[in-house]
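> First, the structure itself, so that you have it in front of you.
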Amino acid sequence: MNVQSRISAYIRQMGIKQTVICEKTGIPKDALCGMLNNKRKMSADEYELICRALEKTPNDFTTVEVRSEP
């Protein structure tokens, strides 16, 4: 699952309206919808704005897999 899918799932789980995020971030609704549906790439600046609007850190939506060598 990518970052955009994780954010979309979080928004659904928390019952947050996309219009609220748009108002807090200034991101147009069609752009936000495209990002959350993986039809548009999210810039680093947009990612930061969305995280702030959700009162989360960027790390909250990322996972890092560490592979150990055999």
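The values are calculated or read from the model by the stated rules, or taken from the named source; none is laboratory data. Given the structure is predicted, the values throughout are model-derived calculations rather than measurements. Backbone-built Cβ (ideal geometry, glycine too); neighbour counts: all protein chains shown. Each accessible area value is taken on the protein alone, full model and side chains, heavy atoms only, with ligands, DNA and RNA left out. Shrake-Rupley method; radii C 1.70, N 1.55, O 1.52, S 1.80 Å.
> Output the number of the condition that M1 fails; it satisfies all remaining conditions of (1) surrounded by 14 or more Cβ atoms within 10 Å (Cβ to Cβ); (2) without any contact (Cβ under 8 Å) to a residue 12 or more places away in the chain; (3) within 18 Å of T63 (Cα to Cα).
(1)
> Let me ask something additional. May I ask you to list the residues in the range 9-42 that are within 20 Å of D60 (Cα to Cα), open to solvent by 50 Å² or more (accessible area, probe 1.4 Å) and among the polar types (S, T, N, Q)?
Within the range 9-42, Q13, Q18, N37, N38 meet the criteria.
> Something else about it: Among the residues of the range 40-50, which ones are free of Cβ contacts under 8 Å to residues at least 40 places away in the same chain and touching a helix residue (DSSP H, G or I) at 6+ places or on another chain (Cβ under 8 Å)?
Within the range 40-50, R40, K41, M42, E46, E48, L49 qualify.
> Another one. Go through the range 43-62 and give me each residue that's open to solvent by 90 Å² or more (accessible area, probe 1.4 Å) and at negative phi.
Within the range 43-62, D45, R52, N59 meet the criteria.
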